[in-house]
Amino acid sequence: MAEDLHKRICLVEDDPQVARLIGNTLRDFGFAHDWCRTGADLLRRLRADTPDLCIVDLGLPDMDGLELVRTLRSDGRCGVLILTGRGDTIDRVMGLELGADDYMVKPFEPRELIARVRSILRRCSGRGNDTSPLPPATVAEFAGWRFAPGSNTLSGADGESSTLSTAEAQLLKTMLQHPNRILTREQLMGERNLSSFDRSIDVRISRLRRKLEDDPQNPKLIKTVYGAGYLFACAVVWR
């Protein structure tokens, strides 16, 4: 794709042979990239320029890759793909919870890597230096539903509409802005120090499930990720 030529990717990988393999894969599909052997190398590079995507190994020699992911996400200006040999579920959940856009385990299939890279770049397109979480659109479409944040209106495929409460609308909007990503209860509530006894988020999730799910007891859209948070498991298109 012609637009791929203009995307900047930074690879953070301490093993030269693995870095060469990943680099050759990116190059074969038209992506230019820079290579950093350590997390510190990447952080120094970020002071001068921000890539469109960082591909990060978790087993770095100078820092925990998860901490590097946390730093990248706090800046929020580039996509993050974890590509690591650590396939443990806890690492995967932690990586996604900290804000990585995707998680892949080595060894990888080249075409799958490129598909995931392109998917992240599409989602991050237009993010640039804009730190606003709001997409430049007015209506979200997903699984036969339409949601208009401006009026808190949720419409089904049958044409029936309902007006969500402000709290429900804010919660749904947050999930629609971050589909297929684990969001913590604090992220969904917008509170950093949410009490573990505060169940208000769970009540709102239950209300949304009753509106959106065919079977709220076995949800397909809003999934619970035990010990991590919630995930909106659906493609979303903003128009």
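The values are calculated or read from the model by the stated rules, or taken from the named source; none is laboratory data. For clarity, every value in this text was computed on a predicted model and none was experimentally measured. A quick note on method: Cβ atoms are made from the backbone with ideal geometry, for glycine too, and the neighbour counts reach across all protein chains shown. For the accessible areas, the whole protein counts, side chains as well, though only heavy atoms, and no ligand, DNA or RNA atoms are used. Shrake-Rupley method; radii C 1.70, N 1.55, O 1.52, S 1.80 Å.
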Give me the one-decimal nm value for the distance between modelled label points at Ser155 and Thr50, 7 Å along each residue's Cα-to-Cβ direction. 3.5
From the phi of every residue in segment 57-74, what ³J(HN,Hα) in whole Hz does the Karplus formula 6.51 cos²θ - 1.76 cosθ + 1.60 yield, where θ is phi - 60° and glycine or proline is x? 7, 7, x, 8, x, 10, 7, 6, x, 5, 5, 5, 4, 4, 5, 4, 6, 5
In deg cm²/dmol and to the nearest 500, what is the mean residue ellipticity at 222 nm of the chain if only DSSP H runs of at least 4 residues count, each as -39500 (n - 2.57), divided by the residue total? -11000 deg cm²/dmol
Positive minus negative residues near Tyr230 (Lys, Arg vs Asp, Glu; Cβ under 12 Å): +2
For the pair Thr166/His6, report the inter-label distance in nm, with labels modelled 7 Å from Cα in the Cβ direction. 4.1
Whenever you get a sec, line up Glu109, Glu97 from highest to lowest accessible area (probe 1.4 Å, protein heavy atoms). Glu109, Glu97
Length-normalised contact order for the chain - Cα pairs under 8 Å, 6+ apart - percent: 14
Hey, what did segment 24-75 get for relative contact order, percent, Cα under 8 Å, at least 6 apart? 30
Could you check the spin-label model distance between Val139 and Ser119? Points 7 Å from the Cα along Cα→Cβ, value in nm. 2.7
Alpha-carbon Rg/Rh ratio, for the chain, with Rh computed the Kirkwood way: 0.99
Accessible-area order (highest first, 1.4 angstrom probe) of the listed residues Tyr103, Tyr226: Tyr226, Tyr103
